[in-house]
Amino acid sequence: MFVYADNAATTKMSRAAVEAMLPYLDEAYGNPSSLHTAGQRASAAVQSARNTVAELLHADPKEIIFTSGGSEADNQAILSAAALGAKHGKKHLISTAFEHHAVLHTLRKLEKDGYEVTLLPVHENGIVTAEEVAAAIRDDTCLVSVMFANNEIGSIQPIGEIGAVCRKRGVLFHTDAVQAVGHVPIDVQALQVDLLSLSAHKFHGPKGVGVLYARRGVLLTSLIEGGAQERGKRAGTENVPGIVSAAAALRESCDHMAETSARLIRLGNKLIDGLRTVPHAALNGDAVQRLPGNVNFCFEGIEGESLLLLLDQRGIEASSGSACTSGALDPSHVLLAIGRPHEVAHGSLRLSLSRYTTEEEVDYMLSEIPPVVEYLREMSPVWKDMERGVKPHLL
Amino acid sequence: MALYSEKVMDHFLHPRNVGEIPDADGVGEVGNAKCGDIMKIYLKIDGDIITDVKFNTFGCGSAIASSSMATEMIKGKPLSEVKKLTNQAVTEALDGLPAHKIHCSVLAEEAIQSALEDYRRRQEEAEQ
Ligand SMILES: Cc1ncc(COP(=O)(O)O)c(C=O)c1O
Ligand SMILES: [Zn+2]
C-alpha cells in the first residue's frame, strides 16, 4: 500500500487545478501586459482569478497581489509593515517563537537593520493568546505577525481575537495563513486581518504561486522592481497558468471545505486515538484547535529520521521534526517552543492528510507505525535505559 | 529515498550485530540524546581478538548504518587493528554519506574507542 501523508509539506494538484492551467500553457499564452487579443485574454484570466481569490477571502480584488509563493508573501508583508512603521518612528515588531522560517528569518533580518523583535512564547498546546499579544504591544509597535495555523503541529491560533486587539491598538496585523487557507473558513474582514499570506500548493494548487492580501490603505513595499504588474507592487510577467490554477484550486477547496474537514477531523482523530495506544507517546499541539488531518506525535526513545526511512520502506510518506532530517543540530524549533525537551523532539512524526486520504490508508498507517516504533526502541540505548529505570521517562 | 547509498540502506534496513552483551569485556557509549544520536557498543575480547560485538543506537539512518558497518569491520579483528579504525574508513565502506550526515557516523568510531578504553580500564583494575 502507498500512503502520502505529507500534505502539510505539499499536496497533489487536483484534476480541476491541472485542467484550469492547461489552456494558458500553449493556447492562451499571451502576456497580460500586451495590448493584443492574446494578451488581453491572459489579462482577463488573471483578473478573474484575482476576483475569485478575493471573493473567497472576503476581500476586494484590489487587495490581492499574486506572488511566487507563501515565502515571498510573508517577506513582503513584514518588510512592508516595517517600512511603514519606520516612517513614524515605530520599529518594534511582535511575532511568535514557532512561526515558519519565512517569517522568522525576515524578522531576524530586520533586527540586524535596527528593528526590535519580540517573539512571544507558545503554550504547551501550541497556542498564543490574544491577551499575550495585547500585553506585548508598545507605543512603537508597527506589526503583529501570528500564523493562522502552525505547519508542524497544526494548532490554530485565535486570529479573530488577535485581530480585534491589533485593530483597537492601531497596529497592523499579519497572519501567515499558508496552512489554513482552503482548509478552514477565513474572512479577512471579520477577522480584522490587515495582511495575509497564502500558498497554492498547500491546497492542491500549483507550487510557486502565492497571494498576499493587503487591506486597502496598507502600502506595500515592492521586493521586485521592474514592470508595473500587480499595481506596481510586484514586478514580473504574471505566472498566468499558475495563477489561474491557484484560483481554481482554492475555489474547489472552499466549495468542499465543510465535508472535507468533517471527514479529515474524523480520520485524524482515528489516527490520534490509535497512536495514543503506543506507550510513552504524546500528541503535539492542541487536540481540538487543530487543522483537520494534522497528526503530530512524539515517540520517546527513538529518532525521527530512521522512523521516516522505515515508514517510507512500507510505502508511508511522512515527515519529522528531528534534527537529522534537516541536517541541523537542533530539532524543530516548533517542538522546542511548545516545551518538548530536545531528546523527545527528535522522535517526532507528522502525518498530514488530505481530501484524497482514504480510511484504508489510515488503517494501514495504524497497523504499520506502532511496530516500527517498537522495532526502533528495541535497538535504542535511550529506550532501554528508560525501561530499566536508569533514566526517567519524559513522556 | 536517494539520500543514502544502497550500502547504507542495506545496513540501515538490515543492521548487523544489534543487541547487547551482558558479560561484555568493554562497553562504550557516546553522543547524547540532545543532539539526536547515541551509540552504545559492547565488546567481547579474547586475548587480543574481538570475538563478539553488539550495538544499540538511537539515531538516524546514517548513525544506525555506520554502527552496523563499524561492528562488522572490527569483528574477529586484533585490537591493534581495531584501534586504527577511522570514521573515514567506515564511511568509505558504506560508499559514502551525505556531507551533513558525516557527523552522525563519527559516533561509531568514538563508541568503539570508548569501549576499548573501558576494556583497558577494567584490565588495569583486574591487575591491581
Ligand atoms: C506556515 C508556512 N508559511 C510559509 C510557507 C512557505 O510557503 P512556500 O513554500 O509557498 O514559499 C510554508 C510552506 O512551506 C508554511 O507551511
Ligand atoms: Zn544523525
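Compared with the dominant principal axis of the Cα atoms in chain A, helix A:101-112 is inclined by about 70°. Cysteines of the protein assembly as shown lacking any other cysteine Cβ under 4.7 Å from their own Cβ: A:Cys142, A:Cys166, A:Cys254, A:Cys298, B:Cys35, B:Cys104. Here the relative contact order of region B:6-122, from alpha carbon pairs under 8 Å that lie six or more residues apart, stands at 33 percent. Which of A:His201, A:His256, A:Ile186 sits closest to the plus end of the dipole of chain A, meaning its Cα is farthest towards the positive end, when Lys and Arg get +1 and Asp and Glu get -1 on the C-beta? With unit charges placed on the Cβ atoms, the residue in question is A:Ile186. Each listed q (0.15, 0.23, 0.30 Å⁻¹) maps to a log10 I(q)/I(0) for region A:192-252 from the Debye sum over equal C-alpha point scatterers, namely -0.51, -1.04, -1.18.
The residues packed around A:Gly126, meaning those with a beta-carbon under 13 Å from its beta-carbon, carry a net charge of -1 if Lys and Arg are +1 and Asp and Glu are -1. Within region A:15-255, the proportion of Cα pairs with more than 22 Å between them is 50 percent.
The mean sequence distance of close C-alpha pairs (under 8 Å, at least 6 residues apart), as a share of the length of region A:15-255, puts its relative contact order at 27 percent. Span-like helix criteria (full DSSP H runs; alpha carbon extent of at least 18 Å along the helix axis; mean Kyte-Doolittle hydropathy of at least 0.0) are satisfied in chain B by B:61-74.
When only the Cβ of Lys, Arg, Asp and Glu is charged (+1, +1, -1, -1), the dipole of the protein assembly as shown relative to its Cα centre reaches about 1700 debye. Taking Cα atoms only, the orientation of helix A:240-255 departs from the longest principal axis of chain A by about 60 degrees. Here the convex hull built on the C-alpha positions of region B:6-122 has a volume of 86 cubic angstrom per residue.
Around the Cα centre of region A:52-199, unit charges on the Cβ atoms of Lys, Arg, Asp and Glu (plus for the first two, minus for the last two) sum to a dipole of about 460 debye. At q = 0.09, 0.11 Å⁻¹, what is the log10 ratio I(q)/I(0) for the protein assembly as shown, with the Debye formula run over Cα points and no solvent? With no solvent term, the Cα-only Debye profile gives -0.72, -0.97. Residues whose amide H comes within less than 5 Å of that of A:Ser145, counting only those at least five positions distant or on another chain, are A:Ile94, A:Ser95, A:His174 (H built at 1.01 Å from N in the peptide plane). Can you tell me the 0 to 90 degree angle between the C-alpha axis of helix A:37-57 and the longest principal axis of chain A, rounded to 10? Helix A:37-57 and the main axis of chain A meet at about 50 degrees. Here each label is just a point 7 Å from Cα along the line to Cβ, and for B:Glu81 and A:Gln189 those points are 8.0 nm apart. Kirkwood-type hydrodynamic radius, region A:238-282: 13.1 Å, calculated from all non-identical alpha-carbon pairs. Other residues with beta-carbon under 15 Å from the beta-carbon of A:Leu110 carry, at +1 per Lys or Arg and -1 per Asp or Glu, a net charge of 0.
Starting from the alpha-carbon convex hull of region A:277-395, give the projected area averaged over all orientations, in nm². Write out the running numbers ahead of the final one.
Numbers: hull surface 30.6 nm².
One quarter of the hull surface, i.e. the mean projection, equals 7.7 nm².
Cut-off 10 angstrom, C-alpha nodes, Gaussian network model of chain B. Which of B:Ser68, B:Ser80, B:Ser114 fluctuates the most? Residue with maximal mean-square fluctuation among B:Ser68, B:Ser80, B:Ser114: B:Ser80. Expressed per residue, the C-alpha convex hull volume of region A:32-160 stands at 140 Å³. Adding -39500 (n - 2.57) for every DSSP H run of four residues or longer, then dividing by how many residues chain A holds, sets the calculated 222 nm ellipticity at -12500 deg cm²/dmol. A Gaussian network model of chain B, with springs between Cα atoms under 10 Å, assigns the largest mean-square fluctuation among B:Gly26, B:Gly47, B:Gly59 to B:Gly47. Our coupling estimate for region A:227-232, obtained by passing each phi through the Karplus curve with A = 6.51, B = -1.76, C = 1.60 and θ = phi - 60°, is x, 9, 4, 6, 6, x Hz, Gly and Pro reported as x. Note on region A:217-323: Rg/Rh from Cα positions, Kirkwood definition for Rh, rounded to two decimals, is 1.15. Remark: relative contact order (region A:65-172) = 30 percent; criterion is Cα-Cα distance under 8 angstrom and separation of 6 or more residues. Taking only Cα atoms and a 10 Å spring cutoff, compute GNM fluctuations for chain A and point out the largest among A:Pro23, A:Pro121, A:Pro241. The residue that fluctuates most here is A:Pro23. Volume of the convex hull of region A:342-395 (Cα atoms only), normalised per residue: 93 Å³.
Database remark: amide H of B:Lys77 closer than 5 angstrom to the amide H of B:Ile50 (H placed geometrically; neighbours at sequence offset of 5 or more, or on other chains; Pro and chain starts carry no H). Once backbone amide H atoms are built at 1.01 Å from N, B:Val18 has B:Phe55 as its partners under 5 Å, excluding neighbours fewer than 5 places away on the same chain.
Counting only other chains, and only Cβ atoms inside 10 Å, what mean value do you get across the residues of B:49-58?
Partner-chain Cβ atoms within 10 Å, mean over residues of B:49-58: 3.
What number comes out for the charge environment of B:Met9, summing +1 per Lys or Arg and -1 per Asp or Glu over other residues with Cβ under 11 Å away?
-3
Here, each number is a calculation from the coordinates, and none is a lab measurement. The structure displayed is predicted, hence computed values, not measured ones. Positions of Cβ are generated from backbone atoms using ideal geometry, with glycine treated the same way; all protein chains shown enter the neighbour counts.
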